[in-house]
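The values are calculated or read from the model by the stated rules, or taken from the named source; none is laboratory data. Just so it is clear, the model here is predicted, and its values are computed rather than measured. Ideal geometry is used to build each Cβ from the backbone, glycine not excepted, and the neighbour counts take in all protein chains shown. The area values use the complete protein model at the heavy-atom level, side chains included, leaving out ligands, DNA and RNA. Shrake-Rupley method; radii C 1.70, N 1.55, O 1.52, S 1.80 Å.
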Amino acid sequence: MKKIGIQGWFLAEPRTGIGQHTLGLAKELAKKNRVTIVSPRHMRIPGLKIVDVKPPWWIFPTGLRKWYWERIQAPSALNQMDLDWEYYPYPTPLRKKPTHNKRAMTVHDLILWKDKRYAGNFLKRKYHGLARHSLLYMDKVFTVSQAVHDELNIPNAIILPNGIPPVPKHLKVFIDDNLLVYLGGYDIRKNVPELLDEFANLKKDFPKMRLALIGSPRHRSRYYPDFQLPKGAYLTGAIPDKKVYELLAEAFAFVHFSDAEGFNIPLLQAMELGCPAIVRDIPVNREVSRGTALFLSDSQKHPLIDKIKMLRNTAFSENISRKEMAAAKSFSWKKSAQIFIKTLEK
């Protein structure tokens, strides 16, 4: 049994990839290990020991509160605990400070470090520079996929894949041939405006088709471009996991136009239910789907129509579903927890 302390800033944001990683991995680790999570918010989650470490909201402006908590408060709280390991579920601007605990950190992607679309002001660039530099202070480094591992170029980093929230038991599956589902964020790389343009064009050939977009845009800015919903497309807002799975089980296909991902948990959720996935042809989508998804080609003018027409062949669609469901079995939080503990024991 290991004594593990986890930095839990994103525990209260379960819709984010890092939030799902923190919660899913912590729950599985806590079954056989002593896990303590430090959180900036008061939270109670069955099966988890959560210690409130509240940021000094009255001292710092909004942009610096998270930075101070990640760099000073959370590490100090973890360092005072009787632990074998401190775990940081994402890169944070840690100081090179002596600690009696060993430290591990996971890299989910390099998008904010390398993608010029996300280049921010001086403070943001400084934050991300310090966060990346903190990898030098880690005893163990993980990446969520082989694609991120290759891009990060730290040979001894260990691949720690993500899992998905539990699928409800006795989920009714009734496929609607006219329903497409998108699940994910709305920032630049997700290319939601492009998806909506493709959907509007698709409606010319399939006028009864509908598109459900699960999730809510955080705000409108240059990072979150505005968009207009064409006829037949609608926002569901943020909905519970059970409802997410119900929509995916009902959908004719899952569509995802994102051009950069670290792991793509929504793709895995669709695969688990055998919902045929139509995704951008990027390395991580081929990795997670084990090549079973339908990949969008940038060379085609309207690639979505072509894929929908292919899936209208029932035998073809059912074959895709079977292969996806089999590939999805490669991933689970239980398997990830086993990798995590095995790595820490070496």
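Table for the structure above
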read-out: Within-12-Å neighbourhood charge of F254 [Cβ basis; K, R +1; D, E -1]; value: -2
read-out: Charge sum, other residues only, whose C-beta stays under 14 Å from V148's C-beta, Lys/Arg counted +1 and Asp/Glu -1; value: -3
read-out: Accessible-area value, R312, 1.4 Å probe, nucleic acids and ligands omitted, Å²; value: 90
read-out: Positive-pole candidate from Q80, N285, S145, dipole of the chain, charges at beta carbon; value: Q80
read-out: Separation of alpha-carbon centers, the range 114-136 and the range 197-256, rounded to whole Å; value: 31
read-out: FRET efficiency, 1/(1 + (r/R0)^6) with R0 25 Å, evaluated for E194 and R220 via beta carbons; value: 0.90
read-out: The chain: calculated mean residue ellipticity at 222 nm from DSSP helix runs of at least 4, using -39500 (n - 2.57); value: -10500 deg cm²/dmol
read-out: Where the range 158-288 is the region considered: accessible area per residue in Å², 1.4 Å probe; value: 42
read-out: Simple spin-label estimate for D84 and D241 in nanometres, 7 Å along Cα-Cβ; value: 2.6
read-out: For the range 318-342 and the range 27-103, distance of Cα centres in Å; value: 29
read-out: Unit charges on C-beta of K, R, D, E only; dipole of the chain, Debye; value: 1020
read-out: Filtered chymotrypsin sites (Phe, Trp or Tyr not before Pro), the range 146-221: DSSP coil and at most 12 other beta carbons within 10 Å; value: F174
read-out: Computed over the range 10-72, Cα set: Rg, Dmax in Å; value: 12.9, 40
read-out: Inverse mean reciprocal Cα-Cα distance (Kirkwood Rh) of the range 248-314, Å; value: 12.0
read-out: Å³ per residue enclosed by the Cα convex hull of the range 156-239; value: 157
read-out: Cα gyration tensor category, rounded, prolate or oblate, for the range 277-340 with a/c compared to 1.5; value: oblate
read-out: Percent antiparallel among DSSP beta bridges (both partners in the range 202-330, rounded to 5); value: 10
read-out: For the chain, the fraction of alpha-carbon pairs in successive 20 Å shells from zero, as %; value: 29, 56, 14, 0
read-out: Heavy-atom accessible area per residue - the range 97-155, 1.4 Å, Å²; value: 54
read-out: Per-pair calculated FRET efficiency, R0 = 35 Å: N178 and K32 via Cβ, rounded to 0.05; value: 0.15
read-out: Hydrodynamic radius (Kirkwood) for the range 8-129, which is based on Cα pairs only, to one decimal in Å; value: 15.5
read-out: DSSP H segments from the chain that extend 15 Å or more along their own axis, Cα-based, with Kyte-Doolittle mean of -0.5 or above; value: 17-29, 192-205, 314-328, 333-345
read-out: Of all accessible heavy-atom area on the chain, the percent that carbon and sulfur account for (1.4 Å); value: 55
read-out: Equivalent ellipsoid, the range 99-194 (semi-axes from 5 times Cα gyration tensor eigenvalues, Å); value: 33, 22, 12
